[in-house]
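The values are calculated or read from the model by the stated rules, or taken from the named source; none is laboratory data. Source: prediction; values computed, not measured. Virtual Cβ from ideal backbone geometry, glycine too; neighbours counted across all protein chains shown. Protein only, heavy atoms only, side chains kept; ligands, DNA and RNA dropped before computing areas. Shrake-Rupley method; radii C 1.70, N 1.55, O 1.52, S 1.80 Å.
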Amino acid sequence: MKILYIHNTAIDSTKANLLQVLAMCNSFSNNKVNLTLLLPNSAFEIKNIKEYVLKKYGVSINFNIIFFQRNFLHSSIDKYLVNRKVRSIIKTCDADYIFSRMPLFILASLKENKKVIYESHSNKLHNKYRFIDSIWRSLIVSKSKNKNFKLFITISNNLLKFWELQGVSDKKLLALHDGAHLEDYKIHEDKKTIREVLGLPIN
């Protein structure tokens, strides 16, 4: 299976959502999915992406990353438009599915008759302006009825119920809670040592 994952956060960003996307892409790749991640260009040139990601995020990526030039330098403006390069990649890609948590990329993919998987992290699609949130919500619910809109993932059961009430078919909805890398939380010191360091009673 081939997946094109499209996101709107540059690799040099400090946003936490990029780390989640990188982890998702690694998991897909570890499960024998041929995955390519499409991201906007960074503010500066990065010669070795894998080394940069490992150093910055502590993530050893095992998938391909390609980049596109933003329409505007300011991402808050750019997120309302899908540029020509992204449209071209969507149109010509041979991926079985296009995966994104950004409604704009899902709508653009459906326009090109591509099969899509959408991942919802919130019941709000725009935190600042209610009318934009309302427009995007109506659009994504309407487009979820498209035959090429294959899966609507939510990160909680409550969020799934919200979108179901909005009109998304329960046949396309799937709740998958965000996970964590357990190896990042392994405790190597013994309990007595940790209690001493934290100043807790030994017993």
May I ask you to say which residue of 15, 2 is farther than 21 Å from residue 114 by Cα and either small (Gly, Ala, Ser) or out of contact with any His (no Cβ under 9 Å at 6 or more places or on another chain) (or both)?
15
Flag if residue 60 is at pLDDT below 90, out of contact with any Cys (no Cβ under 8 Å at 6 or more places or on another chain) and not in a helix (DSSP H, G or I):
yes
If the Cβ limit is 9 Å and pairs must be 6+ apart or interchain, which residue in the range 144-155 that is within 11 Å of residue 117 (Cβ to Cβ) pairs with which residue that is open to solvent by 50 Å² or more (accessible area, probe 1.4 Å) and assigned to a strand (DSSP E or B)?
150/97; 151/97; 151/174; 152/174; 153/174
List pairs: first in the range 181-203 and closer than 30 Å to residue 26 by Cα, second surrounded by 10 or more Cβ atoms within 10 Å (Cβ to Cβ), Cβ under 9 Å, 6+ apart or cross-chain?
181/23; 184/58; 187/194
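Name every residue in the range 70-102 that is modelled with pLDDT of 85 or more, open to solvent by 30 Å² or more (accessible area, probe 1.4 Å) and not in a helix (DSSP H, G or I), in order of residue number.
The first filter runs over the range 70-102 and keeps only residues modelled with pLDDT of 85 or more, leaving 85-102.
The next check asks that each one be open to solvent by 30 Å² or more (accessible area, probe 1.4 Å); those that pass are 85, 87-88, 91-92, 94, 96-97, 101-102.
Once the filter is applied, which keeps residues that are modelled with pLDDT of 85 or more, open to solvent by 30 Å² or more (accessible area, probe 1.4 Å) and not in a helix (DSSP H, G or I), the range 70-102 yields 94, 96, 97, 101, 102.
Count, please, the residues in the range 159-203 that happen to be more than 30 Å from residue 60 (Cα to Cα) and within 35 Å of the chain's Cα centre (by Cα). Let's see the steps before the verdict.
Residues of the range 159-203 more than 30 Å from residue 60 (Cα to Cα): 159-173, 191-193, 195-203.
Keeping just the survivors that are within 35 Å of the chain's Cα centre (by Cα) gives 159-173.
Count: 15.
Among the candidates 26, 17, which residue alone is crowded, with 17+ Cβ neighbours inside 10 Å, within 16 Å of the chain's Cα centre (by Cα) and either on the phi < 0 side of the Ramachandran plot or modelled with pLDDT of 95 or more (or both)?
Numbers: 17 fails: crowded, with 17+ Cβ neighbours inside 10 Å.
Every option except 26 fails the conditions.
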